[in-house]
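*Asks:* Dumping the structure here so I can ask a few things about it.
Bear in mind these aren't lab numbers, they're just calculated from the coordinates by the rules spelled out. Predicted model only: the values in this text are computed from it and were never measured. Reconstructed Cβ throughout: ideal geometry from the backbone, glycine too, with neighbour counts over all protein chains shown.
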Protein chains: 2
Amino acid sequence: MSAASPLFPKIALIGFGLIGGSIARAARAQGLAGEIVTTARSARTRARVEELGIVDRVVETNAEAVEDADLVILCIPVGACGPVAQEIAATLKPGAIISDVGSVKGAVVRDMAPYLPDGVHFVPAHPVAGTEHSGPDSGFAELFINRWCILTPPDGVDPEAIERLRAFWAALGARVEIMTPDHHDLVLAITSHLPHLIAYTIVGTADELAQVTSSEVIKFSAGGFRDFTRIAASDPTMWRDVFLANKEAVLEMLGTFNEDLSKLTRAIRRNDGEALFEHFSRTRAIRRGIVEIGQDSAAPDFGRPHAQLGKKAE
Amino acid sequence: MSAASPLFPKIALIGFGLIGGSIARAARAQGLAGEIVTTARSARTRARVEELGIVDRVVETNAEAVEDADLVILCIPVGACGPVAQEIAATLKPGAIISDVGSVKGAVVRDMAPYLPDGVHFVPAHPVAGTEHSGPDSGFAELFINRWCILTPPDGVDPEAIERLRAFWAALGARVEIMTPDHHDLVLAITSHLPHLIAYTIVGTADELAQVTSSEVIKFSAGGFRDFTRIAASDPTMWRDVFLANKEAVLEMLGTFNEDLSKLTRAIRRNDGEALFEHFSRTRAIRRGIVEIGQDSAAPDFGRPHAQLGKKAE
């Protein structure tokens, strides 16, 4: 235990996948909790979390997990947040902060808020971080460092509760920003949801072609395709829920994307090299911006490792 | 110099960008050439290549570069291959192997073949490797290791010439495969050209939105978008030429992609979670295949570096 007093005497994590597992590892590493209690839906995951020995206690039910907890974080697919809010409502400690990590915020607020009792502080959150892996073994303490965590507190939430949750995420290494749920959902539709939808689409397309075999797709994937397969390997349940929960914003972004794709398609069809060159030149700047503020590696190829040449005998 | 006799007494590289520069570095490291002569279109690039000191000689014209060369490789955008073939035709050495590195093969064969004299061996090639960087400083000797290089020799080419070029690419670390130009162009349309077109499109879309600022797109790009920006930072001239030269295959793949995107869009609109889940589950397998044959890193997030947490004082 840390000598300084922890931010929260007891933290309850509902769900122990990539995000829940990373929060547990980082919170423990930073001494942010007196006690961390976890639960997960499947007995297999709960057994694995016990084995990992990262948290203080693993319990069987959501209602039991949140008892006496000062901070409760739902680390589950967004579609499950409403039902779980209903399950835990009766055992929540007065004064507790209730949060989540969902990639959609409007739907989560609509689904959870009706069940939460007066006297608890509801501060929805979304750490914009992740990898293509999932499950209890996939988390790591460094996942949130230099990534943004967006808080979308409803009107009237106690500013002190917001500040405590901000301090928690800052201690995990994240930068914290506050916005409305609707604006969050629009921003994420373009920076995360649409990219995933497109990646899932093209990987599916490649998999079903008659003229090119899957084995050829795999072998020659270093031409660009392989970058899309990482995203398209993300957790299917999580992403099903994201698209259903953020339907309107995703469909809106998709409409704009389709218009832009039609424009480039027309330029190809008409042999309009100038239009293509102009478009391809503009898109370099945004990459530079991302690298400059440390949101991606400046190393070529994301810093992928390259093998060494075995030198020819001299 | 290597003690063993080099594969080619003299190699001429026309163009010194990412690919030409990587070939020069790797060929030198492996002792594959008695002499490497290079030229580039701009005086600035030629001066930089002189400074780098990787090649034996830098000359001003393409015609001069290929004199006495046993292997000539055009490392330039595919749209420039026809005109350059015309320029070098008169000074090519009888018996020389003429090759290229273009991402489209049908158009390159059509553009170059008419100019090449009898008595030289035309063996078009495409190393499926690259990064988002370009220019004389961007190359490195390890670029081709474990990547495929596809040869598309026209009917009737001397098998010995094909074998010598195969041995050259194998010595650079590549695995070599032979196929027809048309099949190559179909395979690359899905594994490389369509992914680039889509990445260029979505990055352009994000850049022009009214509701979400560019600064927000950049900050929250770790949700998936940043992966697309790497590809969309690729060389605009090279990619303009690719789409113009491989128009038919790209439009065909685009048609299939659009059908598949419509299907997923309809599933979102109709709240068909089952269809989404089913699609998202299928696409994981292809990623596994790519990682298994060493075409991508198994590390989460392409192995991107993660900063360490500064431990709280104990």
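*Asks:* Using the 7 Å Cα-to-Cβ label point, sort the distances from B:LEU251 to its equivalents in the other copies shortest first and give them in nm to one decimal.
*Replies:* Ordered by distance, the counterparts are at 3.1 nm.
*Asks:* For chain B, give the magnitude of the charge dipole about the Cα centre (Cβ charges: +1 Lys/Arg, -1 Asp/Glu; no others), in debye to the nearest 20.
*Replies:* The dipole of chain B has a size of about 1040 debye.
*Asks:* Using a label point 7 Å beyond Cα on the Cα-Cβ vector, give me the inter-copy distances for A:ALA167 in nanometres, one decimal, shortest first.
*Replies:* 7.2
*Asks:* Also: Can you grab the distance from the C-alpha centre of segment B:108-169 to the C-alpha centre of segment A:156-230, Å, no decimals?
*Replies:* When both Cα centres are located, 37 Å separates them.
*Asks:* How many Å³ per residue does the convex hull of the Cα positions in segment A:9-120 occupy?
*Replies:* 88 Å³
*Asks:* Placing one identical point scatterer on every Cα of segment B:183-295 and ignoring solvent, what is log10 I(q)/I(0) from the Debye formula at q = 0.17 Å⁻¹?
*Replies:* -1.15
*Asks:* Calculated FRET efficiency, A:ASP137 and B:ARG44, Cβ-Cβ r, R0 51 Å, to nearest 0.05?
*Replies:* That gives a FRET efficiency of 0.50.
*Asks:* How fast does segment B:65-176 diffuse by Stokes-Einstein, in µm²/s, taking the Kirkwood radius from C-alpha pairs at 37 °C and 0.692 mPa s?
*Replies:* Reported coefficient: 228 µm²/s.
*Asks:* Which percent, to the nearest 5, of DSSP beta bridges fully inside the protein assembly as shown are antiparallel?
*Replies:* Taking every DSSP beta bridge with both residues in the protein assembly as shown, the antiparallel ones total about 10 percent.
*Asks:* Work out the mean other chain Cβ neighbour count within 10 Å for the residues of A:126-136 and drop it here as an integer.
*Replies:* Mean inter-chain Cβ contacts per residue within 10 Å come to 3.
*Asks:* Between A:ASN146 and the same site in the other copies, what are the distances in nm, shortest first, taking label points 7 Å from Cα along the C-beta direction?
*Replies:* Here the equivalent label points are 2.5 nm apart from this one.
*Asks:* Something else now. Roughly how crowded by other chains is peptide A:290-303, in terms of the mean Cβ count from those chains within 10 Å of each of its Cβ atoms?
*Replies:* Whole-number average of other-chain Cβ neighbours for A:290-303 is 6.
*Asks:* Positive end of the dipole of segment A:108-187, charges at C-beta (+1 Lys, Arg; -1 Asp, Glu), about the Cα centre: which of A:PHE144, A:PRO159, A:HIS183 has its Cα farthest in that direction?
*Replies:* After comparing all options, I get A:PHE144.
*Asks:* Pull out the extension gain between B:ASP118 and B:ASP158, defined as 0.36 nm times the separation in residues minus the alpha carbon to alpha carbon distance; nm, one decimal.
*Replies:* Extra length from B:ASP118 to B:ASP158 when fully extended: 13.2 nm.
*Asks:* In addition: Mind checking the angle between helix A:247-269 and chain A's longest principal axis? C-alpha axes, 0 to 90 degrees, to the nearest 10.
*Replies:* Taking the Cα atoms of chain A, the angle to A:247-269 is about 10 degrees.
*Asks:* With 20 Å bins from zero, work out the P(r) of chain B over every alpha carbon pair and list the percent per bin.
*Replies:* Once binned at 20 Å, the Cα pair distances of chain B give 28, 53, 18, 1.
*Asks:* Still on this structure: Which number comes out as Rg/Rh for segment B:121-165 once both Rg and the Kirkwood Rh are worked out on C-alpha atoms?
*Replies:* With Rh from the inverse mean 1/r over Cα pairs, Rg/Rh is 1.08.
*Asks:* Shifting gears a bit: Based on the alpha carbon coordinates of segment A:253-301, what radius of gyration and maximum Cα-Cα distance (Dmax) apply, in Å?
*Replies:* 14.1, 39
*Asks:* Still on this structure: Most fluctuating residue of B:GLU274, B:GLU64, B:GLU87 in a GNM of chain B with Cα springs under 10 Å: which is it?
*Replies:* Looking only at B:GLU274, B:GLU64, B:GLU87, the largest GNM fluctuation is found for B:GLU274.
*Asks:* Explain nothing, just the number: relative contact order of chain A, from Cα pairs under 8 Å at least 6 residues apart, as a whole percent.
*Replies:* 15 percent
*Asks:* Between chain B and chain A, with a rotation axis joining them, whose C-beta in B is nearest that axis, and what is the whole-Å distance?
*Replies:* In chain B, the Cβ lying nearest the symmetry axis toward A is B:PHE302, 2.
*Asks:* Something else about it: Please report, in debye to the nearest 20, how large the charge dipole of the protein assembly as shown is about its Cα centre when each Lys and Arg carries +1 at its beta carbon and each Asp and Glu carries -1 there.
*Replies:* Computed charge dipole of the protein assembly as shown: roughly 580 debye.
*Asks:* What ranking do B:115-121, B:196-202 get when scored by the average of other Cβ atoms within 10 Å per residue, highest first?
*Replies:* The densest-packed peptide leads the list: B:196-202, B:115-121.
*Asks:* Something else: Please build a GNM for chain B, connecting alpha carbons under 10 Å apart, and tell me which residue among B:ALA285, B:ALA12, B:ALA63 fluctuates the most.
*Replies:* Maximum among the listed residues: B:ALA285.
*Asks:* Please sort A:294-304, A:97-107 by packing, taking for each peptide the average over its residues of neighbouring beta carbons within 10 angstrom, highest first.
*Replies:* By packing density, highest mean first, the sequence is A:97-107, A:294-304.
*Asks:* Sticking with this structure for a sec: State the answer as a single residue: which of B:SER221, B:ILE97, B:PRO9 lies farthest towards the positive end of the charge dipole of chain B, with beta carbon charges of +1 for Lys and Arg and -1 for Asp and Glu, about the Cα centre.
*Replies:* Value: B:SER221.
*Asks:* Which one, A:ILE14, A:ILE178, A:ILE76, has the greatest fluctuation when you compute a Gaussian network model over chain A with C-alpha springs under 10 angstrom?
*Replies:* A:ILE178
*Asks:* Here's something else I'd like to know. Shielding by partners for B:168-175, please: the mean number of other protein chain Cβ atoms within 10 Å of each residue's Cβ.
*Replies:* Mean inter-chain Cβ contacts per residue within 10 Å come to 1.
*Asks:* Working only with C-alpha atoms, what are the Rg and Dmax values of the protein assembly as shown, expressed in angstrom?
*Replies:* Rg, Dmax (Cα atoms, Å): 27.3, 89.
*Asks:* Between A:ARG284 and B:LYS93, what is the label-to-label distance in nm when each label sits 7 Å out along the Cα-to-Cβ direction?
*Replies:* Those two pseudo-labels are separated by 3.6 nm.
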